Amino acid sequence: MTKTSSFAPIHVIGGGLAGSEAAWQIAESGIPVILHEMRGVRGTDAHKTDGLAELVCSNSFRSDDATSNAVGVLHAEMRLAGSLIMRSADANQVPAGGALAVDRDGFSIAVTAALESHPMITVTREEVTGLPPEEWDQAIIATGPLTAPSLAAAIQQRTGADSLAFFDAIAPIVHTASIDMDTCWFQSRYDKVGPGGTGKDYINCPMDEAQYNAFVDALIAGDTTGFKEWEGTPYFDGCLPIEVMAERGRETLRHGPMKPMGLTNAHNPTVKAYAVVQLRQDNALGTLYNMVGFQTKLKYGAQAEIFRLIPGLENAEFARLGGLHRNTYINSPTLLDRSLVLKGRPGLRFAGQITGCEGYVESASIGLLAGRFAAAERRGETPSLPPETTAFGSLLGHITGGHIVSDDEPGKRSFQPMNVNFGLFPPLEPGSVTRPEGLKRFRGKDKAIAKKQATAARALEDCARWLEG
Ligand SMILES: Cc1cc2nc3c(=O)[nH]c(=O)nc-3n(C[C@H](O)[C@H](O)[C@H](O)COP(=O)(O)OP(=O)(O)OC[C@H]3O[C@@H](n4cnc5c(N)ncnc54)[C@H](O)[C@@H]3O)c2cc1C
């Protein structure tokens, strides 16, 4: 039975991971919600049931370690914020070592039951075919990577053709600290400075002829993942997978993304590299670099193995590996404000994977934030943003502003969806990681773990303070 309320309802479109969590957060704050979910009327190519918050593929929420794993920290922050998704996951856990894995049916049934029985929530089964009408003055679009075509077209019409992507052509992203700068050097091609640049904006990894040939052979022999039927669209020439370029001819890469022109090896200026792999700064903090032009369909294991053949990347740690798959997402850093509102359309928010986060937990967490922000606005308050030091804040920062626009490729989108990872968190204050007593040497792995632990502890403390506050 729906309760009456002095507040007008907030409309949430999409009852997936993000929409379900957003609806819950709004309803729990005493504001009515109308949740519009099309399944039951129209399906998607990946969902198999009509249940809310259906997990379309793996049943894992990944690591539950809140002391030294970024997604574990996000779990913990969501639990602190009273997340329905986490409550239902915890109640339907199946054994999976350090990971939080769930019985997918039990999980979806629990979420559906909680939402359908909440007195503040009305679930309607219908496809929303255009942008929410103006009279829905507070609304959240959380329609996910498989947003129905009619709504996707309306979003595209409103935001511009370049603002909506239907494919994720993902190049791997590397933690800067794991790149060997005794082999690599900073330089922009032809030392070009460009607006906002320094002439040293790229990290360059040099290859000699033998290394290049071995690398091309490994790419061609590497194990690739096939496209699923629902992904049917062929890729376009601007974002060919690196291994497809290698197959087109031994020299293709050397004349494409691996061209050595305009670059001088700072460690060995008299020897011209035969080929160069370039990495471009990926986040404002400079803690992550992406491999330029290295979108790939290689399997994750093959990627890590092959990309570590690149001089300077022998010990590379990947914040994310490359991929190419169907994914509808908007160019959030230019379109959304810090509280996820579409610029020029007050009260209309986006949440979940369509904003450019990736993964069940991340999508749900952005739903949680969007729900809280919308509820605050409905109460006449200014939404309170999570501190940047939290997992919530780091992910929100990535979505709404943490990317770098490339001057070398004007017009090319540089924003790519990403899972939460420690590379998105602001660095620790100097001196905040000290050598534990009894440990003679404190570097390498021990230091990296200590840094993660300190970042995680800071996040949880700051999150608790934010939620109290
Ligand atoms: C094939 C595939 C496999 C994936 N595998 C994984 C994985 O293993 N692990 C992982 O962490 N992440 C995975 N993802 C990513 C995953 O989709 C997201 O992490 C998560 O489900 C996104 O949450 P969401 O709420 O943004 O979207 P969804 O969970 O997809 O929810 C969106 C909802 O909106 C509804 N909808 C769409 N359009 C409309 C409309 N016009 N009107 C009304 N309702 C609408 C849909 O029916 C759906 O219920 C996968 C994605 C895909 C496509």
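The values are calculated or read from the model by the stated rules, or taken from the named source; none is laboratory data. Since this is a predicted model, take the numbers as computed values, not measurements. Note: ideal-geometry Cβ built from the backbone for every residue, glycine included; neighbour counts use all protein chains shown. Only protein heavy atoms, including side chains, enter the accessible area calculation; ligands, DNA and RNA are left aside. Shrake-Rupley method; radii C 1.70, N 1.55, O 1.52, S 1.80 Å.
Computed values, structure above
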quantity	calculated
Extension reserve of the E135-A113 stretch, reckoned as 0.36 nm per residue once the Cα distance is removed	5.1 nm
The chain: antiparallel DSSP beta bridges as a percent of all, rounded to 5	65 percent
The chain - accessible surface per residue (Å², probe 1.4 Å)	43 Å²
Positive-end residue, the range 169-325 charge dipole about Cα centroid, Cβ charges, pick of N315, H325, L279	L279
Phi to ³J(HN,Hα) by Karplus 6.51 cos²θ - 1.76 cosθ + 1.60 over the range 209-217, Hz, x for Gly, Pro	4, 5, 5, 4, 5, 5, 5, 4, 4
Label-point separation in nm, T382 to Q93, each point 7 Å along Cα→Cβ	4.0 nm
Test item: Cα-centred dipole of the range 169-325, Lys/Arg +1 and Asp/Glu -1 on Cβ, debye	360 debye
In Å, descending, principal axis extents of the Cα set of the chain	78, 57, 45
Probe 1.4 Å, all protein chains present, accessible-area order of E358, E134, largest first	E134, E358
Partners for K343 among aspartates and glutamates (Cα-Cα distance below 19 Å; same-chain residues under 8 apart left out)	E134, E135, D137, D162, E377, E381
Relative packing of 442-454, 26-38, which averages over residues the other C-beta atoms within 10 Å, highest first	26-38, 442-454
Using a Förster distance of 30 Å, the FRET efficiency for T67-H325 (Cβ separation, nearest 0.05)	0.40
Three-way shape call for the range 29-123 based on the alpha-carbon gyration tensor, with the a/c threshold at 1.5	oblate
Spacing of the two label points (7 Å from each Cα toward its C-beta) at A221 and D50, in nm	5.3 nm
Percent accessible area from carbon and sulfur atoms, the chain, protein chains only, probe 1.4 Å	53 percent
Charged-residue dipole, Cβ positions (Lys, Arg, Asp, Glu), the chain about Cα centre, Debye nearest 20	580 debye
Contact order relative to length of the range 169-325, as percent, for alpha carbon pairs under 8 angstrom and 6 or more apart	43 percent
Mean separation of Cα contacts under 8 Å (6+ apart) over length of the chain, as relative contact order %	21 percent
Distribution of pairwise C-alpha distances over the range 45-89, 5 Å bins, in %	5, 21, 22, 22, 15, 10, 4, 1
19 Å reach of a label modelled at K447, 7 Å along Cα-to-Cβ, counting backbone N of the range 309-347	313-318
Virtual paramagnetic centre 7 Å along Cα→Cβ of E127, amide N under 17 Å, in the range 313-356	328
Kirkwood-based shape ratio for the range 254-392, expressed as Rg/Rh from alpha carbons	1.10
Cα-projected label distance for D105 with S58, points at 7 Å along beta-carbon direction, nm	2.3 nm
Top positive-direction residue, dipole computed over the range 169-325 with Cβ charges, set P172, T224, A266	A266
